[in-house]
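For reference, the structure discussed in these notes is given below.
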């Protein structure tokens, strides 16, 4: 952090020189970068899953996961914008290669549900760090993110339950696919 002097006004600036009202603890900034990477990885994984379903002529499932990929990309964008708004430099870390081979649809939804649960845990950890640092700007920012993530986790639990109930029967899976279209 540096301080810019203009007459008698001193303005704190972040690493990129952007004005900031309140500095952020480095641990929180690093945790936000890790979460940003998690959101970006989820987007890439969901896009790969969307393609997997499209290749199997399951357009409803494909559409569902394509929408999830776009949603995760939007979350990543929001975290980037938040870091910039707080005067931080956004660090884009290397992404993992997505899984592109699946045993069955239940495996896809099981892995997706676990990924959503991990994202929820990450958000709670961010909140805990921000709260410990008395960074109320971040806790206020995270509140609606956590609410939305909890809903997303619930949606994946619901979808996993439906897919499990279908027991890999093609006709049941086609009904779910049709509903998702």
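The residues on offer are 74, 70, and the sole one that is closer than 30 Å to residue 178 by Cα, touching a residue at least 12 places away in the same chain (Cβ under 8 Å), surrounded by fewer than 16 Cβ atoms within 10 Å (Cβ to Cβ) and within 12 Å of the chain's Cα centre (by Cα) is 70. All conditions but one from (1) assigned to a loop (DSSP other than H, G, I, E, B); (2) in contact with a helix residue (DSSP H, G or I) (Cβ under 8 Å, 6 or more places away or on another chain); (3) closer than 21 Å to residue 180 by Cα apply to residue 57; the one that does not is (2).
Among the residues making up the stretch 122-181, a single one is closer than 23 Å to residue 56 by Cβ, under 18 Å from the mean Cα position of the chain (by Cα) and free of Cβ contacts under 8 Å to residues at least 12 places away in the same chain: 155.
The helices (runs of 4 or more DSSP H) found wholly in the stretch 78-181 and carrying at least 3 residues that are within 21 Å of residue 35 (Cβ to Cβ) occupy 105-132, 136-166.
Taking the conditions (1) more than 17 Å from residue 30 (Cβ to Cβ); (2) part of a loop (DSSP other than H, G, I, E, B) in turn, residue 65 satisfies each one other than (2). Reported count of residues in the stretch 80-101, each being over 21 Å from residue 112 (Cα atoms) and touching a residue at least 24 places away in the same chain (Cβ under 8 Å), is 12.
Any read-out appearing in this document is the output of simple, stated calculations on the displayed coordinates, not a laboratory observation. Remember, predicted model here, so these are calculated numbers, not experimental data. Counting neighbours? That spans all protein chains shown, and the Cβs are built from the backbone with ideal geometry, glycine included.
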